[in-house]
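Report on one structure; see the data block that follows.
The values are calculated or read from the model by the stated rules, or taken from the named source; none is laboratory data. On a predicted model such as this, the values are computed, not experimentally measured, just so you know. With ideal geometry, Cβ positions are generated from the backbone for all residues, glycine too; neighbour counts draw on all protein chains shown.
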Amino acid sequence: MKSGDETTPQKIPITKPFFGPEEEAAIRAPLHSGWVVQGPFVKEFEEKFSAFTESPFSVATSSCTTALHIAVAALGLQPGDEVIVPAFTWISTANVVEYMGAKPVFCDIDLSTFNIDVAAIDDLITPRTVGIIPVHLFGLCAEMQPIQKIAQKHNLWVVEDAACGFGAQYHGKHAGTFGEMGCFSFHPRKSITTGEGGMITTQREDFDQQARILRDHGASRSDLSRHTSKAGFLLSEYNHLGYNYRMTDIQGALGCAQMDRAASILETRLQRARHYNQLLAGIKWLQTPTVPDGFVHGYQAYVCLFRPKEPNLNNVDRLHQGRNELMMRLEAKGIATRQGTHALVLQGYYAKKYALRPEQFPNAYLADRLGLTLPLYVQMTEVEQALVYQSLQQAIG
Ligand SMILES: Cc1ncc(COP(=O)(O)O)c(C=O)c1O
């Protein structure tokens with residue numbers, strides 16, 4: 001769920017970006033220099049991002065959605081191709097496949113991790129399948145080793161939707177370093193933000209080059225390189241069908257300041273999440289986030305499952321009502337909650353176009369109906385977390 005739909009002031013919001021004087025100073029610099037489109041600060045942000053995630057190449061974009069669009073375009077996705085995506089994710093994971101005239105094929109999820117059910121992927125592969133887009137939902141990596149094995153066996157590409165994956169690790173490696181490309185989001189619901197914004201990471205120089213060309217109208221040379229070299233008066237060459245998916249330098253400067261405090265933001269979020277784990281351990285009707293061995297959770301969001309009893313397709317509607325009542329009671333106390341994200345099979349466009357029924361993707365449906373995101377942000381205090389815990393207990397009582 002996206003933020004920005006609050007109409008009443010919340011005492012405890014779902015999240016808050018963390019900005020200080022450094023961010024204020026950073027965004028003034030491009031205003032003073034007058035260079036506000038993609039330029040030196042975007043370049044610096046990309047370098048900082050590469051250093052942090054240990055990705056050889058990083059390409060900033062205007063959002064994660066545009067990053068994903070560039071990634072599938074760079075991989076040559078064609079009309080009629082099929083791409084496997086989880087059935088429970090933000091809608092743009094599938095939308096970018098549609099943009100190319102290709103078909104997203106939905107895969108159910110594992111209800112304990114909210115990520116793609118690796119065991120269900122093989123059955124979805126057809127001669128038309130060309131790729132998989134696993135999602136590192138809410139900051140927990142998808143099971144990349146088995147996914148990469150399947151991809152290798154069937155000669156498929158992998159694009160990681162790491163919109164929520166900043167700070168997430170899988171067996172010692174950062175999200176975004178496994179597939180052909182990884183795509184991150186800097187929307188304000190994410191751990192670090194540039195307002196809107198995205199980043200493509202890749203290990204391959206050819207994908208890096210293609211991504212740079214596609215984000216900039218198909219230009220073979222960036223404005224920055226034109227303006228800083230001789231004969232900058234000549235326009236670039238345009239040999240590809242590109243887009244304008246550039247990040248502004250104001251956002252780039254903000255991104256640099258956020259990167260400088262990224263380690264501390266992630267550490268604080270981790271502490272807050274651990275504190276929730278302790279507080280909520282006694283609440284048996286709430287499934288708190290799972291962290292399997294070998295995973296570092298980035299905690300883009302702290303998403304639980306309302307589980308007063310074992311959920312199934314027969315009892316889910318009643319449990320769903322209970323979850324919504326709980327959310328309303330918390331809202332009345334000034335505590336914002338959100339559903340985690342949505343089951344794409346419930347969204348009109350996909351449900352109609354592909355005649356999908358929720359029963360085909362039971363776990364995605366249960367996650368949609370019973371997911372419960374609790375507030376989490378760096379500035380959150382232990383008193384506020386205790387209030388969330390007490391309010392949860394009172395609400396259910
Ligand atoms: C899993 C996932 N993919 C893609 C996106 C799209 O990111 P953006 O808003 O930066 O386009 C989001 C944003 O919430 C997301 O959660």
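Looking only at the stretch 183-208, which residues are in contact (Cβ under 8 Å) with a residue 12 or more places away in the chain, acidic (Asp, Glu) and more than 16 Å from the ligand (Cβ to nearest atom)? Don't jump to the end; show me each part of the working.
Here is the first cut: in the stretch 183-208, the ones in contact (Cβ under 8 Å) with a residue 12 or more places away in the chain are 183-205, 207-208.
Now narrow it down to the ones that are acidic (Asp, Glu): 196, 205, 208.
Once the filter is applied, which keeps residues that are in contact (Cβ under 8 Å) with a residue 12 or more places away in the chain, acidic (Asp, Glu) and more than 16 Å from the ligand (Cβ to nearest atom), the stretch 183-208 yields 205, 208.
For the stretch 344-397, which residues satisfy the criterion of being outside any helix (DSSP H, G or I), closer than 20 Å to residue 286 by Cβ and without any contact (Cβ under 8 Å) to a residue 12 or more places away in the chain?
Result: 397, single match.
Of all the residues that make up the stretch 54-67, how many are within 16 Å of the ligand (Cβ to nearest atom) and either β-branched (Val, Ile, Thr) or part of a loop (DSSP other than H, G, I, E, B) (or both)?
At the first step, the residues of the stretch 54-67 found to be within 16 Å of the ligand (Cβ to nearest atom) are 58-67.
So of that shortlist, the ones also either β-branched (Val, Ile, Thr) or part of a loop (DSSP other than H, G, I, E, B) (or both) come out as 59, 61-63, 65-66.
Qualifying residue count, the stretch 54-67: 6.
When only residues in the stretch 173-201 that are polar (S, T, N, Q) and within 27 Å of residue 36 (Cβ to Cβ) count, which is surrounded by the fewest Cβ atoms within 10 Å (Cβ to Cβ)? First the steps, then the outcome.
Kept after step one, since they are polar (S, T, N, Q), are these residues of the stretch 173-201: 177, 185, 191, 193-194, 201.
When the remaining residues are screened for being within 27 Å of residue 36 (Cβ to Cβ), the result is 185, 191, 193-194, 201.
On the way: 185: 30, 191: 29, 193: 21, 194: 31, 201: 31.
Checking each candidate, the answer is 193.
Mind listing whichever residues of the stretch 68-101 are in a loop (DSSP other than H, G, I, E, B) and more than 13 Å from the ligand (Cβ to nearest atom)?
Once the filter is applied, which keeps residues that are in a loop (DSSP other than H, G, I, E, B) and more than 13 Å from the ligand (Cβ to nearest atom), the stretch 68-101 yields 75, 76, 77, 78, 79, 80, 81, 100, 101.
Consider only pairs whose beta carbons are under 7 Å apart and that are at least six residues apart or on different chains; among these, list those whose first residue lies in the stretch 227-240 and is assigned by TED's automatic domain parsing to the domain that holds residue 215 and whose second residue is surrounded by 11 or more Cβ atoms within 10 Å (Cβ to Cβ) and in a helix (DSSP H, G or I).
232/226; 236/226; 240/213; 240/214
For the structure I just gave you, tell me whether residue 60 is crowded, with 23+ Cβ neighbours inside 10 Å and in contact with a helix residue (DSSP H, G or I) (Cβ under 6 Å, 6 or more places away or on another chain).
Working: crowded, with 23+ Cβ neighbours inside 10 Å: yes; in contact with a helix residue (DSSP H, G or I) (Cβ under 6 Å, 6 or more places away or on another chain): yes.
The answer is yes for residue 60.
What's the total number of residues in the stretch 241-276 that are of a type in the set (Asp, Glu) and free of Cβ contacts under 8 Å to residues at least 24 places away in the same chain?
We begin by selecting, within the stretch 241-276, every residue of a type in the set (Asp, Glu); these are 249, 260, 267.
The next check asks that each one be free of Cβ contacts under 8 Å to residues at least 24 places away in the same chain; those that pass are 267.
Residues flagged as of a type in the set (Asp, Glu) and free of Cβ contacts under 8 Å to residues at least 24 places away in the same chain within the stretch 241-276 amount to 1.
Identify all residues within the stretch 325-342 that are closer than 25 Å to residue 140 by Cα and either surrounded by fewer than 21 Cβ atoms within 10 Å (Cβ to Cβ) or of a type in the set (Gly, Ala, Ser) (or both); write none if there are none. Working first, answer last.
First, the residues of the stretch 325-342 that are closer than 25 Å to residue 140 by Cα: 327, 335-342.
Correct list: 327, 336, 338, 339, 340, 342.
I need the full set of residues from the stretch 178-187 which are part of a loop (DSSP other than H, G, I, E, B) and farther than 13 Å from residue 143 by Cα, in order please. Let's see the steps before the verdict.
We begin by selecting, within the stretch 178-187, every residue part of a loop (DSSP other than H, G, I, E, B); these are 178-180, 186-187.
Result: 180, 186, 187.
Taking residue 341, is it polar (S, T, N, Q) and closer than 24 Å to residue 386 by Cβ? Outline the logic, then answer.
On the way: polar (S, T, N, Q): yes; closer than 24 Å to residue 386 by Cβ: no.
For residue 341, the condition - polar (S, T, N, Q) and closer than 24 Å to residue 386 by Cβ - is not met.
Can you tell me which of 190, 230 is out of contact with any helix residue (DSSP H, G or I) (no Cβ under 8 Å at 6 or more places or on another chain), within 30 Å of residue 379 (Cα to Cα) and either modelled with pLDDT of 95 or more or assigned to a loop (DSSP other than H, G, I, E, B) (or both)? Break it down into steps so the answer makes sense when it comes.
Values: 230 fails: within 30 Å of residue 379 (Cα to Cα).
That would be 190, the only listed residue that is out of contact with any helix residue (DSSP H, G or I) (no Cβ under 8 Å at 6 or more places or on another chain), within 30 Å of residue 379 (Cα to Cα) and either modelled with pLDDT of 95 or more or assigned to a loop (DSSP other than H, G, I, E, B) (or both).
I need the full set of residues from the stretch 166-182 which are within 14 Å of residue 65 (Cα to Cα) and within 12 Å of the ligand (Cβ to nearest atom), in order please. Give the steps one after another, and end with the answer.
Residues of the stretch 166-182 within 14 Å of residue 65 (Cα to Cα): 181-182.
Matches in the stretch 166-182: 182 only.
Limited to the stretch 155-165, what total is found for residues that are among the acidic types (Asp, Glu) and more than 9 Å from the ligand (Cβ to nearest atom)? Quick ask: steps written out before the conclusion?
First, pick out the residues of the stretch 155-165 that are among the acidic types (Asp, Glu): 160-161.
Now drop any that are not more than 9 Å from the ligand (Cβ to nearest atom), which leaves 160.
Result for the stretch 155-165: 1.
Name the residues in the stretch 102-149 that are β-branched (Val, Ile, Thr), closer than 18 Å to residue 342 by Cα and within 16 Å of the ligand (Cβ to nearest atom), would you? Explain how you work it out, then say what you get.
Restricting attention to the stretch 102-149, the residues satisfying the condition of being β-branched (Val, Ile, Thr) are 105, 109, 113, 116, 118, 121, 125-126, 129-130, 132-133, 135, 147.
Next, only the ones that are closer than 18 Å to residue 342 by Cα stay: 105, 109, 113, 116, 133, 135.
Within the stretch 102-149, 109, 113, 116, 133, 135 meet the criteria.
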